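The values are calculated or read from the model by the stated rules, or taken from the named source; none is laboratory data. Remember, predicted model here, so these are calculated numbers, not experimental data. Quick reminder, even Gly has a Cβ in these numbers, built from the backbone with ideal geometry, and neighbours come from all protein chains shown. When the accessible area is computed, the model is the full protein with side chains, heavy atoms only, and any ligands, DNA or RNA have been set aside. Shrake-Rupley method; radii C 1.70, N 1.55, O 1.52, S 1.80 Å.
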Amino acid sequence: MADHDIKIENFGYIPAELEIQSGDKVTWTNSDASAHTATSTDGGPVEFDSGDLGQDESYEFVFDGVSSGDEIPYICSHHGFMGGKITVG
């Protein structure tokens, strides 16, 4: 199991695409003054929703029950143009 960090900055996710292994933990941290979320989109192998993250707030999710080749897209529920993708390697 590994830990990965995604920064929310300037209305984007950094990195926007991340490859993980099953059981890895991903932590999103919002650096913007605006509230953002990390919310999985419909149809993925797992579902998650950070709820509103204020500036300097974080949300973590452990990707259990995913398989190699799974792709998990996610968005900010407030700003639909913000998107990212987790790929299981």
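Restricting the first member to the stretch 78-89 and to residues that are at pLDDT below 95, and the second to residues that are part of a strand (DSSP E or B) and open to solvent by less than 40 Å² (accessible area, probe 1.4 Å), the beta-carbon pairs closer than 9 Å and six or more apart or on different chains are 89/20. The set of residues from the stretch 1-47 being closer than 15 Å to residue 80 by Cβ, in contact with a Phe, Trp or Tyr (Cβ under 8 Å, 6 or more places away or on another chain) and among the hydrophobic types (A, V, I, L, M, F, W, C) comprises 8, 11, 38.
The condition of being open to solvent by 60 Å² or more (accessible area, probe 1.4 Å), under 19 Å from residue 23 (Cβ atoms) and in contact with a Gly (Cβ under 8 Å, 6 or more places away or on another chain) holds for residue 64. Here residue 1 clears all of (1) at pLDDT 95 or above; (2) open to solvent by 70 Å² or more (accessible area, probe 1.4 Å) except the condition numbered (1).
Restricting the stretch 20-61 to residues that are in contact with a strand residue (DSSP E or B) (Cβ under 8 Å, 6 or more places away or on another chain) and acidic (Asp, Glu), the residue that is surrounded by the most Cβ atoms within 10 Å (Cβ to Cβ) is 24.
Of the residues 50, 58, which is modelled with pLDDT of 95 or more, among the polar types (S, T, N, Q) and closer than 13 Å to residue 82 by Cβ? Give the derivation first.
Working: 58 fails: closer than 13 Å to residue 82 by Cβ.
Among 50, 58, only 50 is modelled with pLDDT of 95 or more, among the polar types (S, T, N, Q) and closer than 13 Å to residue 82 by Cβ.
Taking the conditions exactly as written (at positive phi and open to solvent by less than 20 Å² (accessible area, probe 1.4 Å)), does residue 84 satisfy them or not? No: the conditions fail for residue 84.
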